[in-house]
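J.: Below: one structure in structure tokens.
The values are calculated or read from the model by the stated rules, or taken from the named source; none is laboratory data. Just so we're clear, the structure is a prediction, and the values are computed from it rather than from any experiment. Here the Cβ positions follow ideal geometry from the backbone for every residue, glycine too, while neighbour counts run over all protein chains shown.
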Ligand SMILES: Nc1ncnc2c1ncn2[C@@H]1O[C@H](COP(=O)(O)OP(=O)(O)OP(=O)(O)O)[C@@H](O)[C@H]1O
């Protein structure tokens, strides 16, 4: 772990105009830092701006104001192939639904092969095949999985393929947007263990978007809490989750399911009305 930021975002603001009179400020003067080799979780209710923050940070979305520096270099949204490739070398994204990067009529290894064609021009077809199998082994899958079509794999296995695909670019950072949210609890725990191991082995840094506080406790070092496009609380996970200062964070924690938890009537209303 280190204190050197690998991502530094400052003053990020993004407003979506929905019509002549209506608009949503998805990001409102957001500042955050991801320290190299650590995992920063971004939590908050649906619509609080988590995905927009992730998309602006990786350059998929533009900001109206503010700057993002990755490994010391400012990144801007671009459609230029060369710049996109350079960006992808630094930062990869894994989404909630791995299906998006898989072609249902082709073996799942094809998605990794495509990534290697883009990022490892030094490899010929045999070299890429060997690397594909190495990457599958790294995420706990076999040659049989590599040659299967998406429909033959479980949700957890498809998410492992998505992680292998991200690793194929040999990035420094992986942005995971609700990447374990669709998995059932035991599969989720296995994928989280895999992510922890890969972080150690490859010295990766994670920006981890989630609404699930138990996942935050499991994998993250630091956390930022978002509400209405703003970061309202930040700090080490144990400080923020064990001793929250903001009423909204307290309600977020109180409303999170845990063993013995019973839903409380009106808690969500209280959450929505809490002062941030
Ligand atoms: N392309 C877009 N066009 C219009 N509004 C958008 C767009 N993207 C996001 N928004 C709005 O910006 C706000 C923040 O959305 P965002 O997806 O970042 O939130 P989130 O915290 O990731 O939510 P969720 O957990 O449901 O994915 C929401 O009000 C959303 O409707």
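J.: If I ask for residues that are assigned to a loop (DSSP other than H, G, I, E, B) and touching a strand residue (DSSP E or B) at 6+ places or on another chain (Cβ under 9 Å), which ones from the range 85-113 would you list?
T.: 95, 96
J.: Name the pairs: first residue in the range 52-70 and within 14 Å of residue 34 (Cα to Cα), second residue near the ligand (Cβ under 9 Å from one of its atoms) and assigned to a strand (DSSP E or B), Cβ to Cβ under 8 Å, at least 6 apart or on different chains?
T.: From the range 52-70, the pairs are 53/27; 53/42; 53/209; 53/226; 54/42; 54/177; 54/209.
J.: Name every residue in the range 115-166 that is loosely packed, with under 13 Cβ neighbours inside 10 Å, free of Cβ contacts under 8 Å to residues at least 12 places away in the same chain and touching a helix residue (DSSP H, G or I) at 6+ places or on another chain (Cβ under 8 Å), in order of residue number.
T.: 142
J.: Within the range 15-42, restricting attention to residues that are at pLDDT below 95 and not in a strand (DSSP E or B), which residue is nearest to the ligand (Cβ to nearest atom)?
T.: 18
J.: Could you list all residues from the range 206-250 that are outside any helix (DSSP H, G or I), more than 16 Å from the ligand (Cβ to nearest atom) and free of Cβ contacts under 8 Å to residues at least 40 places away in the same chain?
T.: Once the filter is applied, which keeps residues that are outside any helix (DSSP H, G or I), more than 16 Å from the ligand (Cβ to nearest atom) and free of Cβ contacts under 8 Å to residues at least 40 places away in the same chain, the range 206-250 yields 235, 236, 243, 244, 245, 246.
J.: May I pose another question? Within the group 180, 175, 187, which residue is touching a residue at least 24 places away in the same chain (Cβ under 8 Å), part of a strand (DSSP E or B) and under 26 Å from residue 214 (Cβ atoms)?
T.: One residue alone meets the criteria, 175.
J.: Could I ask something else about it? Can you name the residue in the range 85-104 that is surrounded by fewer than 20 Cβ atoms within 10 Å (Cβ to Cβ) and over 18 Å from the mean Cα position of the chain (by Cα) and, of all such residues, is farthest from residue 203 (Cα to Cα)?
T.: Taking the candidates together, the pick is 104.
J.: Does residue 110 satisfy being more than 16 Å from the ligand (Cβ to nearest atom) and free of Cβ contacts under 8 Å to residues at least 24 places away in the same chain?
T.: Details: more than 16 Å from the ligand (Cβ to nearest atom): yes; free of Cβ contacts under 8 Å to residues at least 24 places away in the same chain: yes.
Answer is yes for this residue.
J.: I'm checking my understanding of the structure. Among residues of the range 139-172 that are under 14 Å from the mean Cα position of the chain (by Cα) and assigned to a loop (DSSP other than H, G, I, E, B), which one is nearest to residue 34 (Cα to Cα)?
T.: 172
J.: For the range 52-69, enumerate the residues that are near the ligand (Cβ under 8 Å from one of its atoms) and more than 14 Å from the chain's Cα centre (by Cα).
T.: Scanning the range 52-69 gives a single hit, 61.
J.: Look at the range 121-138 and say how many of its residues are closer than 29 Å to residue 192 by Cβ and more than 27 Å from the chain's Cα centre (by Cα).
T.: The total comes to 1.
J.: Can you name every residue in the range 71-83 that is surrounded by fewer than 16 Cβ atoms within 10 Å (Cβ to Cβ) and touching a residue at least 12 places away in the same chain (Cβ under 8 Å)?
T.: Listed by number, the residues that qualify are 76, 78.
J.: I would also like to ask the following. Here is a check on your reading of the model: is residue 82 within 16 Å of the ligand (Cβ to nearest atom) and in a helix (DSSP H, G or I)?
T.: no
J.: Follow-up question, since we're still on this one. Given the options 11, 49, name the one that is within 12 Å of the ligand (Cβ to nearest atom) and in contact with a strand residue (DSSP E or B) (Cβ under 6 Å, 6 or more places away or on another chain).
T.: That would be 49, the only listed residue that is within 12 Å of the ligand (Cβ to nearest atom) and in contact with a strand residue (DSSP E or B) (Cβ under 6 Å, 6 or more places away or on another chain).
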